[in-house]
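A short worksheet on the structure shown next.
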Amino acid sequence: MNDSTRAVSPALTFDEAALSDYLRQHLPEASGPWQVAQFKGGQSNPTYLLTNATGRRYVLRRKPPGKLLPSAHAVDREFRVMQALARAEFPVPRVHLLCTDEQVIGTAFYVMDHVDGRIFWDPLLPGMAPEERAAVFDAMNRTIAALHRIDPAAVGLADYGKPGAYIARQVARWTQQYRASETEPIAAMDRLIDWLPAHIPAGEETAIVHGDFRLDNLVFHPREPRVVAVLDWELSTLGHPLADFAYHCMAWRLEPGQFRGLLGGDLPALGIPGEAAYVARYCERTGRAPIAAADWEFYMAFNLFRLAAILQGVLARALQGNASSAQALDAGRRARPLAKAAWAQVERAFGH
């Protein structure tokens, strides 16, 4: 095991011999036996490191066991989007096989290469020089801009999501997911559920959206400020690029203890761009006109709502005992303060 893995939790074990047999048949170059460890991160789809005697490493990602929300944990979609993006030379791990036969290890899974590099968990990037931080943030900005410039049809993803009305469908979807995993009333969520559908900005755009694009879902080159792999494509679809980008920019609105935020940090001294400068650079890279302030504030409020709904689902799974991370309960309890922050932002920006 390395510093990012741990022993597999009892709730997430599987038949390792059955996996070895399956890999021997379907991935001949993957010769076992395999040492299996579980990655510490990831609140949704459990992710495992497979290592053999020669040091060859793969990553296995599977649906969690137990009762799941409809349409969640779609490992087949993750596999498909990474396979397609690799053709566009976008930085994703190389995927090898998808197994939808639940008889093998209990749930569907796929296997991909393990990508060596650095993962940064703290966006304030402690221990770095200011110019290094600036380069990391610029690489992150360049990567999400590159994703949003890919033509879905050109990489075989024209049908990867429904066309149009993305925000309305997302609000409805996360309202439904939130209601399905509600453990206690949250007044701010109820207000957002009423307010958001009536205030969606005009204008339809469609791009490949990651859905969870943030610093700790990126693997950086071991020595260079360059993204070598974007991970965790579970929430990817076709959608509005500004909604995807605003989710990524929530870090500027959140405190470090809330959800790996930047708020309160001395960004100029650290070499980290401010929100406005970061947004402007994305607009330049994507050839977009400056974003209207009211539209941007809506996308921010929507994403705080969406994150609160996601974390409510994490909390529900933690209370059921089948969440993928030991920190799931703590993460899930952040749903309420995030919902409050989202509604406070609506009140500030729109006078409600």
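Of note:
- Region 89-118 residues that are without any contact (Cβ under 8 Å) to a residue 12 or more places away in the chain and surrounded by fewer than 20 Cβ atoms within 10 Å (Cβ to Cβ), paired with ones that are outside any strand (DSSP E or B) and not charged (D, E, K, R) (beta carbon under 8 Å, 6 or more apart): Asp101/Ala108; Glu102/Ala108
- Residue in region 148-158 that is under 30 Å from Trp343 (Cβ atoms) and not polar (S, T, N, Q) present: yes
- Flag if Thr206 is out of contact with any helix residue (DSSP H, G or I) (no Cβ under 6 Å at 6 or more places or on another chain) and farther than 21 Å from Ile291 by Cα: no
- Scan of region 153-166 for residues that are buried (at least 19 other Cβ atoms within 10 Å of the Cβ), among the hydrophobic types (A, V, I, L, M, F, W, C) and at pLDDT below 95, ordered by number: none
- Test: residue in region 224-237 that is in contact with a helix residue (DSSP H, G or I) (Cβ under 9 Å, 6 or more places away or on another chain), more than 28 Å from Asp122 (Cβ to Cβ) and in contact (Cβ under 8 Å) with a residue 12 or more places away in the chain: yes
- If only residues of region 323-337 that are at pLDDT below 75 and in contact with a Leu (Cβ under 8 Å, 6 or more places away or on another chain) are counted, the one that is surrounded by the most Cβ atoms within 10 Å (Cβ to Cβ) is Ala323.
- Taking region 2-35 as the range and being farther than 24 Å from Gly66 by Cα, of a type in the set (S, T, N, Q) and touching a strand residue (DSSP E or B) at 6+ places or on another chain (Cβ under 8 Å) as the test, the residues that pass are Asn2, Ser4, Gln35.
- Looking only at region 5-28, and only at residues there that are under 26 Å from the mean Cα position of the chain (by Cα) and free of Cβ contacts under 8 Å to residues at least 12 places away in the same chain, the one that is nearest to His114 (Cα to Cα): Thr13
- Only one of the numbered conditions (1) more than 15 Å from Ile144 (Cβ to Cβ); (2) within 22 Å of the chain's Cα centre (by Cα) is not met by Tyr299, and that is (1).
- Residue tally, condition over 21 Å from Ala207 (Cα atoms) and outside any helix (DSSP H, G or I), over region 123-160: 7
- Pairs, first in the same structural domain as Ala289 (by TED's automatic domain parsing) and farther than 15 Å from Ser236 by Cα in region 145-165, second hydroxyl-bearing (Ser, Thr, Tyr) and part of a loop (DSSP other than H, G, I, E, B), C-beta under 8 Å, six or more apart: Gly164/Thr206
The values are calculated or read from the model by the stated rules, or taken from the named source; none is laboratory data. From a predicted model like this one, the values you see are computed outputs, not experimental measurements. Reconstructed Cβ throughout: ideal geometry from the backbone, glycine too, with neighbour counts over all protein chains shown.
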